[in-house]
Amino acid sequence: MPIPARLVNERTDLSAADLEHLTSIVEEWSLLADLSLSDLVLWLPTWNDAGAVAVAHVRPTTAPTSVPEDVIGKFLPRGRVGALDQAATFGRTVQARDVSNPLVPTALEAYPIHRPVRATRSADSEGESGRDRDVIGVVVRHASSAPRVAGQLEDFYLSTADTLLSMLVSGAFPVTETVTGATGRPRVGDGVVRLDSTGAVAYASPNAVSALRRLGLAIDLVGADFANVVVRLVHRHGTVDASLADLARGKVAGRADIEGSNATVLLRSIPLQGAHGGDGSLLLLRDTTDIRRRERALLSKDATIREIHHRVKNNLQTVAALLRLQGRRSDDPAVSAALADAQVRVAAIAVVHEALSADPGPDADLGESVDFDRIVRALFAVVVDDPTTGPTLETVGDAGRLPAETATPLAMCVSELVHNAVQHSRGTYVRVSASREPGSLRIDVSDDGTGFDSTQLAEAGLGLQIVQSLATTELGGGFEFAEQDYGTTAIVTVPI
């Protein structure tokens, strides 16, 4: 969940850069919550230092929640939670641990977030309270109160969480990824591996081992050099990609796929920084075999659909060429004109399929969609045989992307109207204007020609009858002419 910017702007004096840094933390802090087995709440000091306001909350997937209620927007006055006040005032971590079990918090803990780049401050900028103005937020940790049987997995989670939380305070978390060869965000529960400073496996969770078993792992993972293990598991000819090897050594941050003969595992590497420098790395593993298979199937499907549109476009262009050839061979002017009109109509449909074949893929909201403004420009080139002698095209507004089932009949409408304007208006320009309103799209086709009597629409030629039929029946919209002193403006309204 993103940080509500309006809440930050109204209740704090943080800058846009501060909000951007806090957002980057919130995007990654589910990892901290899962490893710490705790709820995390982000509190921001208010502009008047009267307290703090909660702007983000994450619950762990590895433990029961300790904060079941929604706290976003809640205000805490100063003095209500001591750990929060101390972290915000002095900029230091506040922990509550028992010496008998130093990994498990016994009360609320607070971790200050410092401004990434220290701004220049005047000598009195801290004010009378001595507040650290570099603290832009505090993460409060609510450890799960449910009893758990401590084991190796829990100890690994908690110790790694302490390292990452100390990186959060020092500004080293989140880690900037330099290798982005794969998509996806593996969670802690999917599988984790901890490497020591030499790249050897210090700990591997059962889920991580199971994921690697699907790749063909047949040795005990603990103590092994993880980079060498990955090299043996990758099912490729030749050398292993250098970026994957660097990730497997834990030297760089990023994500990549380990592709075996029958499975694919997503690897994410997060180098760790302890109090005294390098502290190995944390690796997250997730079996993505089914996900990658579906992605490849979708890519293949998209490529097939684009190829179909390309072939349909070629066939339609062939039909248009045959109509043009037949029209030129006819001795009857009426037949030649009818064939020429049919050729333009077929070519207009081909333009839409050409746009669909060149589109990168289906839109998440519209399905198969096209940039209709590009189609308008292409339609004008189809209608005007010689652009140097005919009217010029002017486009105004932005029609945006339209689904294919809307773009095809609308392209036919615009093609007919532009064709009429070019052939009959004897004007100097044709203007296509597009304007979007909530739930509708309006297309105006205007010219500066001799004008058209809109009362004679029922007796108009085939072209205008096609426009009226497509606009009202196929598109479920409307078609009309605007009243004006000179020229003609045809208006097509389409629900979207």
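Here are some notes:
- Protection-proxy order for peptides 314-325, 190-201, each taking the mean of Cβ atoms within 10 Å per residue, highest first: 190-201, 314-325
- Normalised per residue, the volume of the convex hull around the Cα set of segment 184-308 (Å³): 117
- Computed from point charges on the beta carbon alone (+1 for Lys and Arg, -1 for Asp and Glu), the dipole magnitude for the chain about its Cα centre is near 1720 Debye.
- Normalised by the number of residues in the chain, the average gap of Cα pairs under 8 Å and 6 or more apart makes the relative contact order 8 percent.
- Based on the Stokes-Einstein relation at 10 °C and a viscosity of 1.306 mPa s, and on the Kirkwood radius from alpha carbon pairs, the chain is assigned a translational diffusion coefficient of 56 µm²/s.
- For segment 247-320, the relative contact order is 21 percent, taking Cα pairs closer than 8 Å that sit 6 or more residues apart in sequence and dividing their mean separation by the residue count.
- Sorting Tyr486, Tyr111 from the fewest to the most surrounding beta carbons within 10 angstrom yields Tyr486, Tyr111.
- Computed from point charges on the beta carbon alone (+1 for Lys and Arg, -1 for Asp and Glu), the dipole magnitude for segment 292-495 about its Cα centre is near 1120 Debye.
- Exposure proxy order (Cβ contacts within 10 Å, fewest to most) of Arg345, Arg268, Arg294, Arg78: Arg294, Arg78, Arg345, Arg268
- For segment 292-495, fraction of C-alpha pairs farther apart than 28 Å, in %: 30
- Those aspartates and glutamates that a straight Cα-Cα span of less than 19 Å connects to Lys251, excepting residues fewer than 8 apart in one chain: Glu177, Asp196, Asp225, Asp241, Asp279
- Shape category assigned to segment 5-170 from the gyration tensor of Cα positions, a/c cut at 1.5: prolate
- Cβ-placed point charges (K, R +1; D, E -1), dipole of segment 179-287 about Cα centre in debye, nearest 20: 220
- Qualifying aspartates and glutamates (Cα of each under 14 Å from Cα of Lys313; at least 8 residues distant if same chain): Glu354, Asp359
A short reminder: the numbers here are calculations on the coordinates, not readings from a lab. Predicted model only: the values in this text are computed from it and were never measured. Don't worry about glycine lacking a Cβ; one is built from the backbone with ideal geometry, like all the others, and counts go over all protein chains shown.
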